Each structure stands twice: as C-alpha cells, then as structure tokens.
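*Asks:* Structure incoming, see below.
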Amino acid sequence: MALLVDARGLVKLYRMGEETVHALDGVSFTIARGDYCAIVGPSGSGKSTMMNIIGGLDTPTEGKLVIDGADIGAMSDAELAQFRNRAIGFIFQSFNLLPRLTALENVELPMIYGGVEPKARRERAAALLQRVGLGERMGHRPTQLSGGQQQRVAIARALAGKPPLLLADEPTGALDTTTGAEIMALFDELNREGVTIIVVTHDHEVAAAARRTIEMRDGRIVSDRLNERSARHDAHV
C-alpha cells in the first residue's frame, strides 16, 4: 500500500535550563494508507512529542517527516495550520467540544475553516453524526451528552474535513471500560472502511485493538510489531 506517513531519523531536542533533553532520538518508521497503528509508551517515552509532530503541532529538530506528501519540517506556521485542517482529524481525551454549540455545529466547525458552503457542511455533519450513532442527538449540546456520546461527536468532527489521517490522543482515557470498548469498536469499523488511524496511548489494551503497535522508550522505538488481530485478519484474507 502507498505510504501516508514516512518518518526518517527524527530528533527533537528541548532545552531545560543547562540540560538538553532528547525527546526523540533518531526515530524512523512508516505508516501505510489504511493502517491502524498504536504508539505506546510510559510517561517520558517520547510518544506525546511524536504525536505533536505527526499532528503538525511541532516540528522536528532534525530528520524528515512526510505526511500525505507534505514535508512537515519545511512548513511555516501558517502552512502548518493549513496542513492540520486539511490532513489531520484530531480526537482528544477531553473531547474539546465547544459547550455553546450543538453536536451538529461542533461537527461543522472544521468545514467552516475549510471554506465549505453552509448547506453542504450541514448535510455532511448530519451524515457523520448518523454514522457514529448520534442521529437523534444532533441538536444536543455537550453538557446534554454522555462522555461516550461526546467522544462520538468528536470522532464525527475529526472526519468532517475528509482528512487522510485520524490522530487520537488517549481517546478512551476519560471513559468507563464499557464505553471505551464501544469507541474502540467504532475505530475498528472506520479502519475497515479504509480510514487510517494512529492512536497514542499508555494503555496496552487500547493498543491491542490496533493492527500494529509501535512501542517507545527514552525517545526511541524499541518495538514495532503486528498485533494478534492483524495476524488473524491477514490469515483470512
């Protein structure tokens, strides 16, 4: 399959007083279109830095990262902002929904920034909320929704601009076990439909739901393996 993410020798240095911290220390990996990958590791492993760089929220000190044909390190701040809106659908642990807007209006937001005309964006937002099982909750505000429902709105919003990549940061961290499993099942459905997903998590059960796990420690990749579900899937193809 064609590559969507191509990371080569990524280094990220931070100055903390007189000390230089290697948040990333020569990280290389690729992710194909249609893949479903988990990036795992304990606090301080570099996974959050990796997430910020993949998401266009930061740039590497050294190395090269190409996502959907775009060189992240070569972009200006304005170009990075445009790239994020076009190429990345973000899903956060805390949902990040605007409380005064309805579910429908929250899902419309990325399309407003993307210049989609009102009728088309309302129709797409409604279709996406139907897709994530919230067709009866379009007019509800976040405070009128459960945590799982808010995360489904956030997933619909992430899909609104038809980005090539979904990037999820601890997507079940604020949810109970049952609701978290429902969200992971929805990710599995989306991936089977061809959506490329990267989940950043410390939870190995969440990581096991992906097709592949990249494990990080001390700013380096220590393991890159296919998960059992991927092996079972491949065996039946």
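Where a number appears in this text, it was derived from the coordinates with a stated rule and is not lab data. Computed from a predicted structure; not experimentally measured. Cβ sites come from the backbone with ideal geometry, for glycine too, and all protein chains shown count toward neighbours.
*Asks:* Label A74 and T59 with points 7 Å out from Cα along Cα→Cβ: what is the distance between them in nm?
*Replies:* For the pair A74/T59, the computed spacing is 1.2 nm.
*Asks:* Of all beta bridges DSSP finds with both residues in the chain, what is the antiparallel percent, to the nearest 5?
*Replies:* Antiparallel bridges: around 55 percent, rounded to the nearest 5.
*Asks:* So, one more: Work out, step by step, the length gained on full extension between L226 and R8: first 0.36 nm times the residue separation, then minus their alpha carbon distance; give nm to one decimal.
*Replies:* On the way: separation 218, 0.36 × 218 = 78.48 nm, distance 2.03 nm.
Gain on stretching L226 to R8: 76.5 nm.
*Asks:* OK, next. Using a simple spin-label model with points 7 Å from Cα along the Cα→Cβ vector, what separation in nm is obtained for V21 and A127?
*Replies:* In this crude label model, V21 to A127 measures out at 4.4 nm.
*Asks:* Quick check for me: using +1 on Lys/Arg Cβ and -1 on Asp/Glu Cβ, what's the dipole size of the stretch 56-179 about its Cα centre, in debye to the nearest 20?
*Replies:* That gives a dipole near 600 debye.
*Asks:* Going by Cα centres, the stretch 167-234 and the stretch 98-132 are how many Å apart?
*Replies:* So the two Cα centres are separated by 26 Å.
*Asks:* Just to be sure I understand the curve: with the Debye formula and one point per C-alpha of the chain, what is log10 I(q)/I(0) at q = 0.13, 0.16 Å⁻¹?
*Replies:* For the chain at q = 0.13, 0.16 Å⁻¹, log10 I(q)/I(0) is -0.80, -1.17.
*Asks:* I'd like to know which of L4, L65, G46 lies farthest towards the positive end of the charge dipole of the stretch 1-68, counting +1 on Cβ of Lys and Arg and -1 on Cβ of Asp and Glu.
*Replies:* The one lying farthest along the dipole's positive direction is L4.
*Asks:* Continuing with the same structure: Hey, rough spin-label estimate for A174 and E117, points 7 angstrom out along Cα→Cβ, what's it come to in nanometres?
*Replies:* Reported label-point gap for A174 and E117 is 3.6 nm.
*Asks:* Excluding the sites themselves, what is the longest stretch of the chain that contains no trypsin sites (Lys or Arg not before Pro) in a DSSP loop with at most 16 other C-beta atoms within 10 Å? Show your work: numbers first, answer last.
*Replies:* Details: sites that count: R33, R100.
It runs 101-237.
*Asks:* Could you give the alpha-carbon Rg of the stretch 169-222 over 2.2 N^0.38 Å, rounded to two decimals?
*Replies:* Ratio of Cα Rg to 2.2 N^0.38 Å: 1.18.
*Asks:* May I ask for the net charge around E123, where only other residues with Cβ less than 11 Å from the Cβ of E123 are counted and Lys, Arg are +1 while Asp, Glu are -1?
*Replies:* Local net charge: +2.
*Asks:* For the stretch 126-193, with only Lys/Arg (+1) and Asp/Glu (-1) charged at the beta-carbon, what is the dipole magnitude about the Cα centre, in debye rounded to 20?
*Replies:* Result for the stretch 126-193 is approximately 340 debye, rounded to the nearest 20.
*Asks:* For the stretch 90-146, just list the percent of Cα-Cα distances falling in each 5 Å bin from zero outward, please.
*Replies:* 4, 20, 28, 29, 15, 3, 0
*Asks:* Let me ask something else. Dipole of the chain (Lys/Arg Cβ +1, Asp/Glu Cβ -1, origin at the Cα centre): which of T102, I31, L175 lies farthest to the positive side?
*Replies:* Highest projection toward the positive end goes to T102.
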